[in-house]
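What follows is a set of notes on a single structure, which appears directly below.
The values are calculated or read from the model by the stated rules, or taken from the named source; none is laboratory data. All values derive from a computational prediction rather than experimental measurement. Here the Cβ positions follow ideal geometry from the backbone for every residue, glycine too, while neighbour counts run over all protein chains shown. Side chains included, ligands, DNA and RNA excluded: accessible areas come from the protein's heavy atoms. Shrake-Rupley method; radii C 1.70, N 1.55, O 1.52, S 1.80 Å.
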Amino acid sequence: MSNFVAPEIKKFAPWDYVVFAALFLVSASIGVFFAIKERKKKSSKEFLVGGRQMTCGPIAFSLTSSFMSAVTVLGTPSEVYRYGASFILFFLSYTLVIIFTSELFVPVFYRSGITSTYEYLELRFNKVVRFAATLIYILQTILYTGIVVYAPSLALNQVTGFDLWGSVVATGVVCTFYCTLGGLKAVVWTDAFQMIVMVAGFATVLIRGTILNGGPTNIWQRASEGSRLNIFDFDVDPLRRHTFWTIVFGGAFTWLGIYGVNQSTIQRCISCKSEKHAKLALYLNLLGLWIVLVCAVFSGLVMYSHYKDCDPWTAAFISAPDQLIPYFVMDIFSSMPGVPGLFVACAFSGTLSTVAASINALATVTFEDIVKKIFPDISEKMSTWVSKGLCVLFGALCTAMAAAASLLGGVVQASLTIHGMCGGPMLGLFTMGIVFPCINWKGAIGGLLAGITLAFWAAIGSFVYPAPSAKAIPLALSTAGCTLANGTDALATPAPTAAPARPLLADTWYSLSYLYFSAVGCLGCTASGLLISFATGPTKGEDVPPILIKPVCNLFCFWSEKLKTLCWCGVQHGSEDVEFQNNMPKVTARKTERDDTFQNKVEKENQSQYPGYNPEEKSYTNMSTESRL
């Protein structure tokens, strides 16, 4: 029970509801617009990957908006407020992630002509590996989307009075609506609009908060006095929650699992009209990631300056740290109707974009990896309707999953933990396939199982036995400036309780920083996969189509063509620059069923779906043939 008197914070006014409702209306309208505009295009490819005619600009906005969700808007300022500005080091993680994604993963996926990322796994290994990876992705995405829907709804409900389940259902319904009607193009353009709303919301909070707290110099001084600017902590202890190493390297593994091999990201990249546009979209998106990160970190510092002497969480004015930023917004904008509605729209812009991206990606993966395997001769018209039906199904599932998300704690840690548990092993699986020609399908399956086991073991153990407080101590927060209730002089001190018994691994393995879960899964998967492949007979390089392998050894052997060829392990990379459509590698000496599948699939794609391919630009820019037909 709080012994402090909470200041009176106003709830939503009519103008706030008007601004917030406008966001939903514009998002739904974009879906209707593309449904009408594209009504004559019945192809499921048009619906799921936008006909591969998207340009880099809207794709860059969409990527930033999709992964800078309400988790970022609500969670990152709270993390900075409690633990300091070390979160800014994620700008190094993001840089590493974008470089690896654009130079290692995207070229292979784009040139392969795939729609689902997991098609690659069948071309490289077999159907079993593809199906296993698809199931893990579906589980990961539904769990993550539940957090994205529920967390902001709960935080905003308890602070602004906005109805909890009303916002959960509204989010699910609107996303499903414009996803189902407009497909990927609607998702991308809605994301671009929502990105603008998100940045506008952050900018409004920063400007108003800075003015109320005496300007940037005063805010910076208070943050320094409160130890919020101690950013560079080079302690190598992997049990520490946030250090330079955990954020830069652990964060890079975590976000590479999100960006490098995640269907939501790759689906947008392969929807671009050329490989050059896909790479440019990723680098432009990096600027967007930096902008949102800086806004979120500075919002946390402004909030700390404002509540330096009366922390609303310690004083029990709010019930969870994730409610800090909505509480702050309702506090500083209490005399400005409509502006709190803009910030709520900012938070829900992140939610809408992430949920829409997830629904669209889930529909694509399920259709390509499951439905088309069961019904290989399904018509194009039926394909489009099935894709829309899957959007509705996954929209309902993600909305329902929000009910289970309340058990997972803080939104930033919970979301990155889920991505680490599932995304790390998946990153290891794709890395094995793209970098190591010797990996066979047994090594791929064995490595994936080993990586999943290690990552889930560490993550579930940390959930059951949280790390000792010494490894994750929040910085000091004060309530000295809060108004005491009548007849009280301090917060009641709870009676000490005996600590529960902890197993031997609780203070070591289970206390590992949550940012390392992805690295554990990835490295465990890769090491196990290599061992199993060599134990069971590695795949010969000449049996692997070169378009499926990225010759990274070229970076280290650039001075010697002979050495490069030796490091290719038999893969015929010399043919990679030949026209992709007409000269797919034909393995004759040791032709396997996998190669037949690959060749037949590419020929079928070429004959029926993408006439006008431009091999010199590695793009689908020459679509005039299709329009004349």
TODO: Report the residue count in region 299-313 for those that are over 15 Å from Leu74 (Cβ atoms) and open to solvent by 10 Å² or more (accessible area, probe 1.4 Å).
DONE: 6
Open item on the list: Looking at region 426-467 only, could you name the residues that are surrounded by fewer than 18 Cβ atoms within 10 Å (Cβ to Cβ) and of a type in the set (S, T, N, Q)?
Closed with: Thr453
- [ ] Go through (1) modelled with pLDDT of 90 or more; (2) buried (at least 24 other Cβ atoms within 10 Å of the Cβ); (3) closer than 27 Å to Asp322 by Cβ one by one and return the number of the condition Phe105 breaks.
- [x] (3)
- [ ] Please work out if Gly260 is surrounded by 24 or more Cβ atoms within 10 Å (Cβ to Cβ) and either aliphatic (A, V, I, L, M) or modelled with pLDDT of 90 or more (or both).
- [x] no
Task: Wholly within region 512-626, helices (runs of 4 or more DSSP H) carrying at least 1 residues that are surrounded by 13 or more Cβ atoms within 10 Å (Cβ to Cβ) and at pLDDT below 50 - done: 593-608
TODO: List the number of the failed condition for Ala316; all other conditions in (1) at positive phi; (2) in contact with a Gly (Cβ under 6 Å, 6 or more places away or on another chain) hold.
DONE: (2)
Open item on the list: Restricting to region 57-102, name every residue that is closer than 23 Å to Leu229 by Cβ, crowded, with 21+ Cβ neighbours inside 10 Å and among the polar types (S, T, N, Q).
Closed with: Thr72, Thr76, Ser78, Ser86, Ser93
Open item on the list: Quick check on my filter: what residues within region 356-378 are open to solvent by 60 Å² or more (accessible area, probe 1.4 Å) and not in a helix (DSSP H, G or I)?
Closed with: Phe375, Pro376, Asp377
Open item on the list: Filter region 220-250 down to the residues that are of a type in the set (Gly, Ala, Ser), surrounded by 15 or more Cβ atoms within 10 Å (Cβ to Cβ) and either within 30 Å of Ser478 (Cβ to Cβ) or without any contact (Cβ under 8 Å) to a residue 40 or more places away in the chain (or both) and list them by number.
Closed with: Ala223, Gly226
TODO: Output the number of the condition that Ser116 fails; it satisfies all remaining conditions of (1) at pLDDT below 85; (2) touching a Lys or Arg at 6+ places or on another chain (Cβ under 9 Å); (3) part of a helix (DSSP H, G or I).
DONE: (3)
Open item on the list: Please verify whether Phe328 is of a type in the set (Phe, Trp, Tyr) and open to solvent by less than 10 Å² (accessible area, probe 1.4 Å), treating the condition exactly as stated.
Closed with: yes
Open item on the list: Would you confirm whether or not region 451-465 contains a residue that is modelled with pLDDT of 80 or more, polar (S, T, N, Q) and at negative phi?
Closed with: yes
TODO: Considering only residues that are closer than 27 Å to Cys272 by Cα and not in a helix (DSSP H, G or I), look in region 63-94 and name the one that is modelled with the highest pLDDT.
DONE: Met68
Task: Residue identified as without any contact (Cβ under 8 Å) to a residue 40 or more places away in the chain and closer than 23 Å to Cys175 by Cβ among Leu397, Leu416, Leu393 - done: Leu393
TODO: Give just the number: which of (1) open to solvent by 10 Å² or more (accessible area, probe 1.4 Å); (2) closer than 18 Å to Thr483 by Cα; (3) in a helix (DSSP H, G or I) does Ala316 not satisfy?
DONE: (3)
Open item on the list: Looking at the structure I just gave you, is Ala278 among the small types (Gly, Ala, Ser) and either open to solvent by 10 Å² or more (accessible area, probe 1.4 Å) or at positive phi (or both)?
Closed with: no
